[in-house]
Every structure is written in C-alpha cells, then in structure tokens.
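The values are calculated or read from the model by the stated rules, or taken from the named source; none is laboratory data. Everything numeric here is computed off the predicted structure, so don't read it as measured data. Backbone-built Cβ (ideal geometry, glycine too); neighbour counts: all protein chains shown. Calculation scope for accessible area: heavy atoms of the full protein, side chains included, ligands and nucleic acids excluded. Shrake-Rupley method; radii C 1.70, N 1.55, O 1.52, S 1.80 Å.
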Amino acid sequence: MLKGIHPAISPELLKILAEMGHGDELVLADAHFPAHSLHHNVVHADGISIATLLKGIAPLFEFDAYVAAPLVMMQAVQGDTLDPNVEKRYLEAIQSAVDFVPNLTRIDRFDFYERTKHAYAVVMTGETAKYGNIIIKKGVTPVL
C-alpha cells in the first residue's frame, strides 16, 4: 500500500493510470460487460464497485477539460429504463474526491462498445448495476 492511494487501486491499475496520456480513455466496466471480447488490455477489480473506483481514481486523474464531456455512459436500449441513482452515485463519488463534477454524456450501446475498442484499457469491476459502465477521458496532468 501507498499513502494517499485508495486501497481499491491495485498496482496494475495504478500503472495503467500513470501510463495513460492526455486524451486516452479508460473504461470502468460492470461485471457483465464483454471486456475480453472487445479489448486486449483488461484489468480486474473483482468485487469493487465503480463508485469506489471512481473515488480512488479521481484524485489521481485529470479529467479532460478540452472535450464537452470527459465522462461517457450508455444510453438505455429502446424499451428499457435507466436507474438515475447509478449516475448519481458515480458523480457523487467523483465530487467527494475532488470537489467538482465533470460533464457526462450518454451514447448508444454499440457506440459505447466501439469506443471501448479504442480505449487504453478496460477495468472489469464487481459493479452489478444495469448500464453501470462508464468511460473516463484523461486530460493534461498539471505539473506541481
């Protein structure tokens, strides 16, 4: 363990976050997501919710300020419904860690899958919420 690093952030995930450049995207996938079918760089965070991971990632991660929405989630498939509490939990987790909320947009399920293919990596989580997947886009990290 390291000081200041949330215990849900594994060494492998920490390495990925450090390797990512500005504009790279990370998919935090729910437990049902077809990650291995869509991407070659899959990391497991089994049993950990996406909200918990977002709380741990947010202090380490600069969200891209040069796009309209550095957070992307899936739209509900026609005839299906979203649970608004899922998005709310994610945004509250980020805000509790960094005291602001980046913009979020939603895209079609198959557009989300296509975007996943071009992401830097996919993190398979223990999240079981329907439409619980989220893409986060990295920005330029300020040098202190």
Enumeration of residues in the range 96-118 that are free of Cβ contacts under 8 Å to residues at least 24 places away in the same chain and more than 14 Å from the chain's Cα centre (by Cα): 99, 100, 110, 111, 114
Single residue of 13, 91, 28, 104 found to be modelled with pLDDT of 95 or more and more than 16 Å from residue 129 (Cβ to Cβ): 13
Matching option when the condition is within 19 Å of residue 120 (Cα to Cα) and not in a loop (DSSP other than H, G, I, E, B), among 40, 36: 36
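Per-residue answers, yes or no, for (1) open to solvent by less than 70 Å² (accessible area, probe 1.4 Å); (2) without any contact (Cβ under 8 Å) to a residue 24 or more places away in the chain; (3) acidic (Asp, Glu); (4) over 23 Å from residue 118 (Cβ atoms):
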{"residue": "20", "(1), (2), (3), (4)": "yes, no, no, no"}
{"residue": "41", "(1), (2), (3), (4)": "yes, no, no, no"}
{"residue": "45", "(1), (2), (3), (4)": "yes, no, no, no"}
{"residue": "61", "(1), (2), (3), (4)": "yes, no, no, no"}
{"residue": "84", "(1), (2), (3), (4)": "no, yes, no, yes"}
{"residue": "89", "(1), (2), (3), (4)": "no, no, no, yes"}
Members of the range 24-36 found to be open to solvent by 30 Å² or more (accessible area, probe 1.4 Å) and within 15 Å of residue 63 (Cα to Cα), listed by number: 24
Total residues in the range 63-82, condition of a type in the set (Gly, Ala, Ser) and in contact (Cβ under 8 Å) with a residue 60 or more places away in the chain: 1
Only one of 116, 105, 128 that is among the polar types (S, T, N, Q), under 26 Å from residue 79 (Cα atoms) and in contact with a helix residue (DSSP H, G or I) (Cβ under 7 Å, 6 or more places away or on another chain): 116
The lone exception for residue 66 - which of (1) of a type in the set (Ser, Thr, Tyr); (2) closer than 21 Å to residue 44 by Cβ; (3) surrounded by fewer than 19 Cβ atoms within 10 Å (Cβ to Cβ) it fails: (2)
